[in-house]
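Written below as structure tokens is the structure these notes are about.
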Amino acid sequence: MRKPLLPLLVAAVLLLPGLVAADLTVAVAANLQFAFEEIRKDFAKETGIEVKPVYGASGKLQSQIRAGAPFDVFVSADVDWVDSLVKGKHAVGKPEIYAYGKLLLWTTSDVPVEKGLSCLLDPSVRKVAVGDLKLTIYGPAAWRVLEKSGLLEQVKPKVVYGANIGQVAQYISSGATQAGFVGKGQIVAGPLAGKGKWFEIPEEETGKMPQSMAMTRYGADNNPKSARRLMDFLLSEKARQILTKFGYGLP
């Protein structure tokens, strides 16, 4: 008996990548975690596409993408790592800036961070949390600021490194360190909002901190339509409002 043709055609179409909206797995910089949770929920409501984020240090995530990890989009804390993936043909297009990060000195102890970086010299500050200097963007930014201020050599013996900026925030919020450098997006909204005190490092000290994204080669080969819709959503007014709420600058 001959099988009906229409169901077979429908099944064949559904197997073709990129023709239907598919759920996504996305590599996301740890500093963006709280904002991205809101963004992905709004994106799912609008499109029906579910996003599974994997949060981590941008440097580590880009290494995983180079090794073939099946991420559809890389939402990074910088531009250079995304650019390196594009040049290596592990991502397509070019880095697209969706936000600008901002660096904070944060404490949940009694450290007078409102006085600025000099508070780190106080004897009560025994440990200072900083992001990994090779894998994060906020770690090197903090290092440059300390060096520029002339405090680096005095603060260096107190430094404890976090594998990503989320771990840095955990060190500070738990009291394991008395202060540390985090992204503003981690502190001004979400579960850590209202905890502790912070001092924003002026942009003239850090320089602009552009955060960019790109579709990976895996995403382009398997889920290009869904991946592009997510990237467009990250540039939309709705996402920009969320990013602003979390303290990010906008392009």
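The values are calculated or read from the model by the stated rules, or taken from the named source; none is laboratory data. As the structure is a computational prediction, the values presented were derived from the model and not from experiment. Glycine gets a Cβ as well: all are built from the backbone with ideal geometry, and neighbour counts include every protein chain shown.
Summary table
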item: Elements of type strands (runs of 3 or more DSSP E) contained in the range 92-210, each with 1 or more residues being among the small types (Gly, Ala, Ser) and in contact with an Asp or Glu (Cβ under 7 Å, 6 or more places away or on another chain); result: 159-162
item: Unique match (being without any contact (Cβ under 8 Å) to a residue 12 or more places away in the chain and crowded, with 16+ Cβ neighbours inside 10 Å) among 140, 123; result: 140
item: Matching residues, the range 45-89, being over 20 Å from residue 243 (Cβ atoms), acidic (Asp, Glu) and surrounded by 18 or more Cβ atoms within 10 Å (Cβ to Cβ); result: 72
item: When residues of the range 201-228 are limited to those that are of a type in the set (D, E, K, R) and buried (at least 17 other Cβ atoms within 10 Å of the Cβ), the one nearest to residue 81 (Cα to Cα); result: 217
item: Test: residue in the range 170-178 that is more than 14 Å from residue 120 (Cβ to Cβ) and crowded, with 18+ Cβ neighbours inside 10 Å; result: yes
item: Tally, over the range 25-82, of residues that are among the aliphatic types (A, V, I, L, M) and assigned to a strand (DSSP E or B); result: 8
item: Tally, over the range 98-121, of residues that are modelled with pLDDT under 95 and β-branched (Val, Ile, Thr); result: 2
item: Odd one out for residue 214, checked against (1) assigned by TED's automatic domain parsing to the domain that holds residue 66; (2) more than 15 Å from the chain's Cα centre (by Cα); result: (2)
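The rows are residues; the columns are (1) outside the structural domain of residue 29 (by TED's automatic domain parsing); (2) at pLDDT 95 or above; (3) under 20 Å from the mean Cα position of the chain (by Cα).
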position: 123; (1), (2), (3): yes, no, no
position: 127; (1), (2), (3): yes, yes, no
position: 130; (1), (2), (3): yes, yes, yes
position: 135; (1), (2), (3): yes, no, yes
position: 146; (1), (2), (3): yes, yes, no
position: 158; (1), (2), (3): yes, yes, no
position: 172; (1), (2), (3): yes, yes, yes
position: 176; (1), (2), (3): yes, yes, no
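Condition check ((1) among the small types (Gly, Ala, Ser); (2) farther than 22 Å from residue 204 by Cα; (3) more than 21 Å from the chain's Cα centre (by Cα)) across all residues:
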residue	(1), (2), (3)
79	no, no, no
100	no, no, no
106	no, no, no
109	yes, yes, yes
119	no, no, yes
